[in-house]
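The values are calculated or read from the model by the stated rules, or taken from the named source; none is laboratory data. Given the structure is predicted, the values throughout are model-derived calculations rather than measurements. As a convention, Cβ positions derive from the backbone with ideal geometry for all residues, glycine included, and neighbour counts pool all protein chains shown. Ligands, DNA and RNA are excluded from the accessible area calculation, which covers all protein heavy atoms including side chains. Shrake-Rupley method; radii C 1.70, N 1.55, O 1.52, S 1.80 Å.
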Amino acid sequence: MKLNSRQTEMLEGRLGWPSQIAMRMLTAVGSAYDADALIPVGSVHLGISGMSMAEPGMRFLEKLVAHKAAFVVPTTLNILSMDRDAVGTVPAIRADEDVQLRIARASETLGARPIYTCNPFVLGIAPRRNESVAWNESATAPYINAVVGARTNREGATALASALTGYTPNYGMHVPGNRVGGTLVEVTVPVSGADDFNVLGGAIGRAAGANIPVIEGIERRPSLDEWTAFCAAFAAISPLAMFHVVGITPEAPTRAGAMDGAGANQAPVKIGAAELASERSRYETARGEALDVVAIGCPHASIDQVRAIAETIGSRSIDPKISFLIQVNRDCAERARQTGLAQKLTAAGVTLLADSCVHVAYDQIPEGRTLATNSLKIAYLTASHNVNVHFGTLDDCVQAAVAGRWLGDSAKAAELARG
Ligand code: F3S
(Lines give C-alpha, C1' and ligand atoms only; values in the text may rest on other atoms or scores of the structure.)
Protein backbone atom coordinates (compact mmCIF):
# COMPACT_ATOMS: atom_id res chain seq x y z
CA MET A 1 0.00 0.00 0.00
CA LYS A 2 1.35 3.42 -0.94
CA LEU A 3 1.61 5.89 1.96
CA ASN A 4 2.16 9.61 1.59
CA SER A 5 4.81 11.39 3.64
CA ARG A 6 2.44 12.35 6.46
CA GLN A 7 1.08 8.81 6.74
CA THR A 8 4.65 7.49 6.81
CA GLU A 9 5.55 9.94 9.59
CA MET A 10 2.55 8.70 11.57
CA LEU A 11 3.42 5.06 11.03
CA GLU A 12 7.01 5.62 12.10
CA GLY A 13 5.87 7.30 15.31
CA ARG A 14 7.29 10.70 14.49
CA LEU A 15 3.92 12.33 15.24
CA GLY A 16 3.40 10.45 18.51
CA TRP A 17 2.13 7.13 19.81
CA PRO A 18 -1.65 7.70 19.22
CA SER A 19 -1.37 8.27 15.48
CA GLN A 20 1.24 5.52 15.21
CA ILE A 21 -0.97 2.85 16.76
CA ALA A 22 -3.92 4.08 14.70
CA MET A 23 -1.85 3.99 11.52
CA ARG A 24 -0.73 0.45 12.31
CA MET A 25 -4.35 -0.61 12.55
CA LEU A 26 -5.32 1.10 9.30
CA THR A 27 -2.39 -0.30 7.31
CA ALA A 28 -3.07 -3.81 8.66
CA VAL A 29 -6.72 -3.63 7.64
CA GLY A 30 -5.80 -2.02 4.32
CA SER A 31 -3.33 -4.82 3.57
CA ALA A 32 -5.92 -7.46 4.45
CA TYR A 33 -8.33 -5.93 1.92
CA ASP A 34 -5.67 -5.21 -0.73
CA ALA A 35 -6.25 -1.46 -0.48
CA ASP A 36 -3.92 0.55 -2.72
CA ALA A 37 -3.78 3.61 -0.45
CA LEU A 38 -5.14 5.36 2.60
CA ILE A 39 -7.64 8.08 1.66
CA PRO A 40 -8.83 11.10 3.69
CA VAL A 41 -12.15 10.91 5.53
CA GLY A 42 -14.40 13.91 6.11
CA SER A 43 -15.95 12.65 9.35
CA VAL A 44 -16.22 9.71 11.73
CA HIS A 45 -19.13 8.23 13.66
CA LEU A 46 -17.77 6.21 16.54
CA GLY A 47 -19.28 3.29 18.42
CA ILE A 48 -18.48 3.57 22.13
CA SER A 49 -21.10 1.50 23.93
CA GLY A 50 -19.82 0.14 27.23
CA MET A 51 -21.27 -3.24 26.30
CA SER A 52 -18.85 -3.52 23.38
CA MET A 53 -15.79 -1.58 24.64
CA ALA A 54 -15.91 -2.47 28.33
CA GLU A 55 -12.87 -1.84 30.56
CA PRO A 56 -10.15 -2.58 27.97
CA GLY A 57 -11.71 0.00 25.64
CA MET A 58 -11.98 2.48 28.49
CA ARG A 59 -8.30 2.03 29.40
CA PHE A 60 -7.27 2.49 25.76
CA LEU A 61 -9.26 5.72 25.36
CA GLU A 62 -7.91 7.08 28.65
CA LYS A 63 -4.37 6.25 27.54
CA LEU A 64 -5.01 8.24 24.36
CA VAL A 65 -6.13 11.17 26.50
CA ALA A 66 -3.02 10.83 28.70
CA HIS A 67 -0.93 11.06 25.53
CA LYS A 68 -2.77 14.27 24.62
CA ALA A 69 -4.26 12.70 21.49
CA ALA A 70 -7.07 14.52 19.64
CA PHE A 71 -9.49 13.56 16.89
CA VAL A 72 -8.46 15.30 13.68
CA VAL A 73 -11.81 15.18 11.83
CA PRO A 74 -15.38 15.92 13.03
CA THR A 75 -16.39 12.88 15.09
CA THR A 76 -19.82 12.01 16.49
CA LEU A 77 -20.65 9.36 19.06
CA ASN A 78 -23.04 6.42 18.77
CA ILE A 79 -25.26 5.29 21.61
CA LEU A 80 -24.36 4.40 25.18
CA SER A 81 -25.32 1.38 27.25
CA MET A 82 -27.48 3.52 29.50
CA ASP A 83 -29.52 6.69 29.69
CA ARG A 84 -27.37 9.32 31.43
CA ASP A 85 -30.49 10.60 33.23
CA ALA A 86 -31.00 7.18 34.80
CA VAL A 87 -27.50 6.71 36.25
CA GLY A 88 -27.62 5.06 39.66
CA THR A 89 -31.21 3.88 39.43
CA VAL A 90 -30.24 0.23 38.89
CA PRO A 91 -27.64 -0.63 41.59
CA ALA A 92 -26.66 -3.92 39.90
CA ILE A 93 -25.11 -2.06 36.95
CA ARG A 94 -23.38 0.72 38.91
CA ALA A 95 -19.83 -0.47 38.09
CA ASP A 96 -20.68 -0.82 34.40
CA GLU A 97 -22.13 2.67 34.37
CA ASP A 98 -18.86 4.07 35.71
CA VAL A 99 -17.00 2.38 32.85
CA GLN A 100 -19.45 3.78 30.30
CA LEU A 101 -19.26 7.30 31.72
CA ARG A 102 -15.45 7.22 31.64
CA ILE A 103 -15.54 5.98 28.01
CA ALA A 104 -17.88 8.84 27.12
CA ARG A 105 -15.78 11.41 28.99
CA ALA A 106 -12.56 10.26 27.31
CA SER A 107 -14.23 10.34 23.87
CA GLU A 108 -15.44 13.88 24.46
CA THR A 109 -12.00 14.95 25.70
CA LEU A 110 -10.54 13.61 22.46
CA GLY A 111 -12.88 15.98 20.64
CA ALA A 112 -15.99 13.96 19.78
CA ARG A 113 -19.44 15.52 19.63
CA PRO A 114 -21.64 13.80 22.22
CA ILE A 115 -24.81 13.15 20.22
CA TYR A 116 -25.07 9.53 21.48
CA THR A 117 -27.40 8.33 18.78
CA CYS A 118 -27.45 5.69 16.06
CA ASN A 119 -29.33 8.05 13.80
CA PRO A 120 -27.31 11.24 13.28
CA PHE A 121 -29.40 12.11 10.18
CA VAL A 122 -32.38 13.25 12.24
CA LEU A 123 -30.02 15.86 13.71
CA GLY A 124 -29.07 16.97 10.20
CA ILE A 125 -25.61 15.38 10.43
CA ALA A 126 -24.61 13.77 7.13
CA PRO A 127 -21.62 13.84 4.78
CA ARG A 128 -21.54 15.35 1.29
CA ARG A 129 -22.09 13.32 -1.84
CA ASN A 130 -18.97 11.36 -2.92
CA GLU A 131 -17.24 12.21 0.36
CA SER A 132 -15.45 9.30 2.06
CA VAL A 133 -16.18 8.93 5.77
CA ALA A 134 -15.72 6.24 8.43
CA TRP A 135 -19.02 5.64 10.16
CA ASN A 136 -19.62 2.93 12.70
CA GLU A 137 -23.18 1.56 13.26
CA SER A 138 -24.52 -0.79 10.64
CA ALA A 139 -27.86 1.04 10.33
CA THR A 140 -26.12 4.22 9.14
CA ALA A 141 -23.92 2.71 6.40
CA PRO A 142 -26.66 2.01 3.79
CA TYR A 143 -28.07 5.50 4.35
CA ILE A 144 -24.65 7.13 3.86
CA ASN A 145 -23.87 5.12 0.73
CA ALA A 146 -27.22 4.75 -0.95
CA VAL A 147 -29.30 7.74 0.08
CA VAL A 148 -26.63 10.42 0.52
CA GLY A 149 -24.25 9.05 -2.11
CA ALA A 150 -21.26 9.43 0.23
CA ARG A 151 -18.94 6.48 0.97
CA THR A 152 -18.37 4.39 4.06
CA ASN A 153 -17.70 0.80 4.96
CA ARG A 154 -19.44 -0.74 7.94
CA GLU A 155 -16.75 0.36 10.34
CA GLY A 156 -15.65 -1.26 13.56
CA ALA A 157 -12.61 -0.31 15.65
CA THR A 158 -11.03 1.24 12.57
CA ALA A 159 -13.38 4.22 12.98
CA LEU A 160 -11.35 5.22 16.04
CA ALA A 161 -8.12 4.96 14.03
CA SER A 162 -9.68 7.15 11.33
CA ALA A 163 -10.70 9.75 13.92
CA LEU A 164 -7.09 9.90 15.16
CA THR A 165 -5.48 10.13 11.71
CA GLY A 166 -8.11 11.41 9.26
CA TYR A 167 -7.59 8.41 6.95
CA THR A 168 -9.20 5.09 6.02
CA PRO A 169 -8.05 2.28 3.70
CA ASN A 170 -9.32 2.59 0.15
CA TYR A 171 -11.41 -0.57 -0.20
CA GLY A 172 -15.03 -1.73 -0.22
CA MET A 173 -17.56 1.10 -0.59
CA HIS A 174 -14.83 3.70 -1.19
CA VAL A 175 -14.06 2.11 -4.57
CA PRO A 176 -16.62 3.14 -7.24
CA GLY A 177 -16.50 -0.26 -8.98
CA ASN A 178 -17.64 -1.99 -5.78
CA ARG A 179 -20.81 0.12 -5.64
CA VAL A 180 -22.37 -1.36 -8.77
CA GLY A 181 -25.65 -3.21 -8.27
CA GLY A 182 -25.89 -6.98 -8.80
CA THR A 183 -29.41 -8.19 -7.92
CA LEU A 184 -32.47 -6.67 -9.57
CA VAL A 185 -35.46 -6.44 -7.21
CA GLU A 186 -38.97 -5.36 -8.16
CA VAL A 187 -41.36 -4.24 -5.42
CA THR A 188 -44.82 -5.13 -6.69
CA VAL A 189 -47.00 -3.65 -3.92
CA PRO A 190 -47.29 -0.08 -2.64
CA VAL A 191 -45.30 0.58 0.54
CA SER A 192 -45.90 3.57 2.75
CA GLY A 193 -44.88 4.54 6.27
CA ALA A 194 -41.93 3.51 8.42
CA ASP A 195 -43.53 0.17 9.40
CA ASP A 196 -43.87 -0.89 5.75
CA PHE A 197 -40.37 0.26 4.81
CA ASN A 198 -38.98 -1.57 7.82
CA VAL A 199 -40.32 -4.93 6.62
CA LEU A 200 -39.36 -4.13 3.03
CA GLY A 201 -35.77 -3.46 4.15
CA GLY A 202 -35.58 -6.90 5.72
CA ALA A 203 -37.14 -8.62 2.70
CA ILE A 204 -34.78 -6.91 0.26
CA GLY A 205 -31.76 -7.54 2.47
CA ARG A 206 -32.67 -11.23 2.39
CA ALA A 207 -33.38 -11.30 -1.36
CA ALA A 208 -30.16 -9.51 -2.28
CA GLY A 209 -27.81 -12.26 -1.13
CA ALA A 210 -24.21 -11.11 -1.57
CA ASN A 211 -25.01 -8.63 -4.35
CA ILE A 212 -26.00 -4.98 -4.02
CA PRO A 213 -29.72 -4.77 -4.82
CA VAL A 214 -31.11 -2.46 -7.47
CA ILE A 215 -34.70 -1.78 -6.52
CA GLU A 216 -37.56 -0.82 -8.82
CA GLY A 217 -41.22 -0.24 -8.01
CA ILE A 218 -40.88 2.33 -5.21
CA GLU A 219 -43.04 5.11 -6.51
CA ARG A 220 -41.93 8.13 -4.52
CA ARG A 221 -38.93 9.31 -2.56
CA PRO A 222 -39.26 7.90 0.99
CA SER A 223 -39.38 10.27 3.96
CA LEU A 224 -36.46 10.42 6.39
CA ASP A 225 -38.32 8.18 8.86
CA GLU A 226 -39.06 5.67 6.09
CA TRP A 227 -35.43 5.64 4.91
CA THR A 228 -34.22 5.22 8.48
CA ALA A 229 -36.48 2.21 9.06
CA PHE A 230 -35.57 0.67 5.71
CA CYS A 231 -31.80 1.07 6.16
CA ALA A 232 -31.72 -0.35 9.69
CA ALA A 233 -33.74 -3.41 8.71
CA PHE A 234 -31.73 -3.93 5.52
CA ALA A 235 -28.44 -3.81 7.44
CA ALA A 236 -29.77 -6.12 10.16
CA ILE A 237 -30.47 -8.89 7.65
CA SER A 238 -27.77 -8.23 5.05
CA PRO A 239 -24.01 -7.76 5.41
CA LEU A 240 -24.15 -5.22 2.56
CA ALA A 241 -23.73 -1.47 3.03
CA MET A 242 -25.34 -0.33 -0.22
CA PHE A 243 -28.50 -0.50 -2.32
CA HIS A 244 -29.90 1.48 -5.22
CA VAL A 245 -33.46 2.63 -5.84
CA VAL A 246 -33.89 3.37 -9.53
CA GLY A 247 -34.86 6.96 -10.21
CA ILE A 248 -34.50 7.94 -6.55
CA THR A 249 -31.03 7.31 -5.07
CA PRO A 250 -28.19 9.41 -6.46
CA GLU A 251 -26.17 6.65 -8.14
CA ALA A 252 -29.18 5.03 -9.80
CA PRO A 253 -30.69 7.48 -12.31
CA THR A 254 -31.63 4.43 -14.41
CA ARG A 255 -31.41 0.64 -14.02
CA ALA A 256 -28.50 0.53 -16.46
CA GLY A 257 -26.80 3.32 -14.54
CA ALA A 258 -26.88 1.29 -11.34
CA MET A 259 -25.87 -2.10 -12.80
CA ASP A 260 -23.38 -3.28 -15.33
CA GLY A 261 -24.72 -4.07 -18.81
CA ALA A 262 -25.26 -7.81 -18.34
CA GLY A 263 -26.85 -7.46 -14.90
CA ALA A 264 -29.42 -4.98 -16.17
CA ASN A 265 -31.03 -7.70 -18.30
CA GLN A 266 -31.66 -10.20 -15.48
CA ALA A 267 -35.14 -11.22 -14.36
CA PRO A 268 -36.04 -9.36 -11.15
CA VAL A 269 -36.64 -10.95 -7.76
CA LYS A 270 -40.23 -9.90 -6.98
CA ILE A 271 -41.21 -8.64 -3.54
CA GLY A 272 -44.97 -8.52 -3.11
CA ALA A 273 -47.53 -8.89 -0.34
CA ALA A 274 -46.71 -12.58 0.26
CA GLU A 275 -42.98 -11.92 0.60
CA LEU A 276 -43.60 -9.03 3.00
CA ALA A 277 -45.99 -11.14 5.09
CA SER A 278 -43.44 -13.94 5.18
CA GLU A 279 -40.69 -11.54 6.23
CA ARG A 280 -42.87 -10.10 8.98
CA SER A 281 -43.82 -13.53 10.35
CA ARG A 282 -40.16 -14.55 10.79
CA TYR A 283 -39.71 -12.32 13.82
CA GLU A 284 -42.83 -13.32 15.75
CA THR A 285 -41.35 -15.73 18.29
CA ALA A 286 -43.76 -15.13 21.17
CA ARG A 287 -46.92 -17.18 21.62
CA GLY A 288 -50.14 -15.97 23.21
CA GLU A 289 -50.93 -12.63 24.77
CA ALA A 290 -48.09 -12.26 27.30
CA LEU A 291 -46.33 -8.90 27.18
CA ASP A 292 -43.76 -7.21 29.44
CA VAL A 293 -41.88 -4.57 27.44
CA VAL A 294 -42.68 -2.47 24.37
CA ALA A 295 -39.71 -0.82 22.64
CA ILE A 296 -40.19 1.73 19.86
CA GLY A 297 -37.43 3.77 18.24
CA CYS A 298 -34.83 1.58 16.56
CA PRO A 299 -33.03 3.51 15.17
CA HIS A 300 -33.77 6.33 17.58
CA ALA A 301 -37.21 7.85 16.99
CA SER A 302 -37.68 11.30 15.48
CA ILE A 303 -39.78 13.95 17.21
CA ASP A 304 -42.49 13.32 14.59
CA GLN A 305 -42.62 9.66 15.59
CA VAL A 306 -42.77 10.58 19.29
CA ARG A 307 -45.67 12.90 18.53
CA ALA A 308 -47.45 10.19 16.52
CA ILE A 309 -47.17 7.79 19.47
CA ALA A 310 -48.63 10.40 21.84
CA GLU A 311 -51.52 10.95 19.42
CA THR A 312 -52.18 7.22 19.11
CA ILE A 313 -52.28 6.81 22.89
CA GLY A 314 -54.60 9.82 23.11
CA SER A 315 -56.26 10.16 26.50
CA ARG A 316 -55.57 6.52 27.43
CA SER A 317 -52.73 5.14 29.57
CA ILE A 318 -50.25 2.31 29.22
CA ASP A 319 -51.17 -0.71 31.33
CA PRO A 320 -49.14 -0.37 34.57
CA LYS A 321 -47.51 -3.80 34.24
CA ILE A 322 -46.03 -2.90 30.83
CA SER A 323 -42.74 -1.04 30.43
CA PHE A 324 -43.23 1.15 27.34
CA LEU A 325 -39.98 2.67 26.04
CA ILE A 326 -39.44 5.16 23.22
CA GLN A 327 -35.75 5.23 22.34
CA VAL A 328 -34.58 8.71 21.31
CA ASN A 329 -31.56 10.95 21.13
CA ARG A 330 -31.20 13.57 23.85
CA ASP A 331 -32.04 16.44 21.51
CA CYS A 332 -35.37 14.76 20.71
CA ALA A 333 -36.03 14.11 24.43
CA GLU A 334 -35.37 17.80 25.14
CA ARG A 335 -37.66 18.95 22.33
CA ALA A 336 -40.36 16.62 23.66
CA ARG A 337 -39.95 18.25 27.08
CA GLN A 338 -40.11 21.77 25.69
CA THR A 339 -43.31 21.06 23.80
CA GLY A 340 -45.02 19.25 26.69
CA LEU A 341 -45.03 15.94 24.81
CA ALA A 342 -42.69 14.29 27.28
CA GLN A 343 -44.85 15.25 30.26
CA LYS A 344 -47.95 13.94 28.49
CA LEU A 345 -46.24 10.66 27.66
CA THR A 346 -44.85 10.27 31.19
CA ALA A 347 -48.34 10.78 32.60
CA ALA A 348 -49.59 8.05 30.26
CA GLY A 349 -46.93 5.63 31.51
CA VAL A 350 -44.36 5.97 28.70
CA THR A 351 -40.60 6.26 29.31
CA LEU A 352 -38.41 8.26 26.91
CA LEU A 353 -35.13 6.35 26.91
CA ALA A 354 -32.40 8.76 25.74
CA ASP A 355 -28.82 7.91 24.63
CA SER A 356 -29.43 4.15 24.53
CA CYS A 357 -31.64 1.25 23.43
CA VAL A 358 -32.76 -2.11 24.79
CA HIS A 359 -30.26 -3.97 22.62
CA VAL A 360 -27.08 -2.39 24.00
CA ALA A 361 -28.34 -1.32 27.43
CA TYR A 362 -26.65 -2.82 30.49
CA ASP A 363 -30.12 -3.15 31.98
CA GLN A 364 -31.20 -5.92 29.60
CA ILE A 365 -34.67 -7.38 29.24
CA PRO A 366 -34.53 -10.52 31.43
CA GLU A 367 -34.51 -13.85 29.61
CA GLY A 368 -37.93 -15.38 29.11
CA ARG A 369 -39.77 -12.04 29.11
CA THR A 370 -41.83 -10.88 26.15
CA LEU A 371 -41.02 -7.80 24.08
CA ALA A 372 -43.21 -6.11 21.47
CA THR A 373 -41.65 -3.83 18.89
CA ASN A 374 -42.26 -2.34 15.47
CA SER A 375 -38.53 -2.50 14.64
CA LEU A 376 -37.36 -5.45 12.60
CA LYS A 377 -33.80 -4.86 13.79
CA ILE A 378 -34.70 -4.94 17.49
CA ALA A 379 -36.98 -7.95 16.90
CA TYR A 380 -34.19 -9.81 15.10
CA LEU A 381 -31.47 -8.95 17.62
CA THR A 382 -33.54 -9.37 20.75
CA ALA A 383 -34.77 -12.83 19.86
CA SER A 384 -31.14 -13.96 20.08
CA HIS A 385 -31.13 -12.86 23.76
CA ASN A 386 -33.74 -15.51 24.53
CA VAL A 387 -36.49 -12.92 24.82
CA ASN A 388 -39.87 -13.67 23.24
CA VAL A 389 -40.81 -11.19 20.53
CA HIS A 390 -44.06 -9.87 19.17
CA PHE A 391 -43.31 -7.99 15.95
CA GLY A 392 -46.06 -5.66 14.77
CA THR A 393 -46.81 -2.17 13.56
CA LEU A 394 -46.52 0.89 15.75
CA ASP A 395 -50.28 0.81 16.16
CA ASP A 396 -50.20 -2.89 17.18
CA CYS A 397 -47.60 -2.07 19.83
CA VAL A 398 -49.47 0.92 21.26
CA GLN A 399 -52.83 -0.89 21.39
CA ALA A 400 -51.20 -3.87 23.11
CA ALA A 401 -49.43 -1.66 25.65
CA VAL A 402 -52.72 0.03 26.54
CA ALA A 403 -54.55 -3.30 26.77
CA GLY A 404 -51.72 -4.92 28.76
CA ARG A 405 -51.53 -7.89 26.41
CA TRP A 406 -50.67 -8.70 22.80
CA LEU A 407 -53.85 -8.54 20.75
CA GLY A 408 -54.81 -10.74 17.83
CA ASP A 409 -56.67 -9.03 14.99
CA SER A 410 -60.16 -9.60 16.40
CA ALA A 411 -59.18 -8.64 19.96
CA LYS A 412 -57.55 -5.50 18.59
CA ALA A 413 -60.72 -4.53 16.71
CA ALA A 414 -62.79 -5.01 19.89
CA GLU A 415 -60.27 -3.01 21.94
CA LEU A 416 -60.37 -0.16 19.40
CA ALA A 417 -64.17 -0.20 19.39
CA ARG A 418 -64.13 0.20 23.19
CA GLY A 419 -61.83 3.24 22.69
FE1 F3S B 1 -29.91 2.03 17.31
FE2 F3S B 1 -30.06 0.17 19.16
FE3 F3S B 1 -31.44 -0.02 16.97
S4 F3S B 1 -28.22 1.16 18.42
S5 F3S B 1 -30.21 0.96 15.38
S6 F3S B 1 -31.71 1.56 18.53
S7 F3S B 1 -30.38 -1.72 18.01
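Tell me which of ALA258, TRP135, ALA277 sits at the most positive position along the dipole axis of the chain, charges placed on C-beta atoms (Lys, Arg +1; Asp, Glu -1).
Of ALA258, TRP135, ALA277, it is TRP135.
For labels at GLU9 and ARG128 in the simple 7 Å Cα→Cβ model, what's the distance in nm?
Spacing of the two 7 Å Cα→Cβ label points: 2.5 nm.
Set the Förster radius R0 to 56 Å, insert the Cβ-Cβ distance between MET1 and THR346 as r into 1/(1 + (r/R0)^6), and round the FRET efficiency to 0.05.
Efficiency computed from Cβ-Cβ geometry: 0.55.
Of the trypsin sites (Lys or Arg not before Pro) in the range 236-296, which ones lie in a loop per DSSP and count no more than 11 other C-beta atoms within 10 Å?
Values: sites: ARG255, LYS270, ARG280, ARG282, ARG287; in loops: ARG282, ARG287.
Answer in residue order: ARG287.
Among the trypsin sites (Lys or Arg not before Pro) in the range 58-144, which ones are in a DSSP loop with at most 15 other Cβ atoms within 10 Å of the Cβ? Mind listing them?
For trypsin sites (Lys or Arg not before Pro) across the range 58-144 that sit outside H, G, I, E and B with at most 15 neighbouring Cβ atoms in 10 Å, the list reads LYS68, ARG128, ARG129.
Classify the range 210-266 as rounded, prolate or oblate, taking a ≥ b ≥ c as the square roots of the eigenvalues of its Cα gyration tensor: rounded when a/c is under 1.5, otherwise prolate if a/b is larger than b/c and oblate if not.
Cα axes put the range 210-266 in the oblate bin.
Sorted by accessible area (1.4 Å probe), largest first, how do TRP227, TRP17 line up?
Descending order: TRP17, TRP227.
Pairs of Cα atoms under 8 Å, at least six residues apart: use those to get the relative contact order of the range 180-281, whole percent.
41
Amide H to amide H under 5 Å from LEU184: which residues, 5+ apart in sequence or cross-chain, H placed 1.01 Å off N in plane?
HN-HN under 5 Å from LEU184: VAL214, VAL269.
Just to check I understand the Karplus step: with θ = phi - 60° and J = 6.51 cos²θ - 1.76 cosθ + 1.60, what whole-Hz values come out for the range 138-148, glycine and proline as x?
Result, ordered by residue: 4, 5, 7, 4, x, 5, 4, 6, 7, 7, 7 Hz.
Counting only C-alpha contacts under 8 Å and six or more residues apart, can you give the relative contact order of the chain as a whole percent?
After rounding, I find 16 percent.
With charges only on Cβ, +1 for K and R and -1 for D and E, what is the dipole size of the chain about its Cα centre, in debye, rounded to 20?
640
May I ask for the net charge around GLU311, where only other residues with Cβ less than 13 Å from the Cβ of GLU311 are counted and Lys, Arg are +1 while Asp, Glu are -1? Provide the component values of the computation, followed by the final result.
Details: positive: ARG307, ARG316, LYS344; negative: ASP304, ASP395.
After counting each charged neighbour, the total is +1.
Excluding same-chain pairs closer than 8 in sequence, count the lysine pairs in the chain whose Cα atoms lie under 30 Å apart.
Total qualifying Lys-Lys pairs in the chain comes to 9.
Roughly how much of ASP96 is accessible, in Å² to the nearest 10, using a 1.4 Å probe?
Counting only protein heavy atoms, ASP96 exposes about 70 Å² to solvent.
Can you give me the % of accessible surface on the range 66-139 that is carbon or sulfur? Probe 1.4 Å, all protein chains present, nothing else counted.
Carbon and sulfur: 50 percent of the exposed surface of the range 66-139.
Quick one: what Rg and Dmax do you get for the chain from the alpha carbons, in Å?
Values for the chain (Cα only, Rg and Dmax): 22.1, 73 Å.
Apply the a/c threshold of 1.5 to the C-alpha gyration tensor of the range 5-175 and tell me whether it is rounded, prolate or oblate.
It comes out oblate by the Cα gyration axes.
When DSSP beta bridges are limited to those with both residues in the range 5-175, what percentage is antiparallel, rounded to the nearest 5?
Taking every DSSP beta bridge with both residues in the range 5-175, the antiparallel ones total about 25 percent.
When only DSSP loop residues count, what trypsin sites (Lys or Arg not before Pro) in the range 179-238 have their Cβ near at most 11 other Cβ atoms within 10 Å?
Details: sites: ARG179, ARG206, ARG220; in loops: ARG220.
Hits after loop and neighbour filter: ARG220.
Quick check for you: with a 1.4 Å probe and neighbouring chains kept, what is the accessible area per residue of the chain, in Å²?
So the chain comes to 40 Å² accessible per residue, rounded to a whole number.
Which percentage, to the nearest 5, of the DSSP beta bridges contained in the chain is antiparallel?
Numbers: 3 of 39 bridges.
Of the beta bridges lying entirely in the chain, close to 10 percent run antiparallel.
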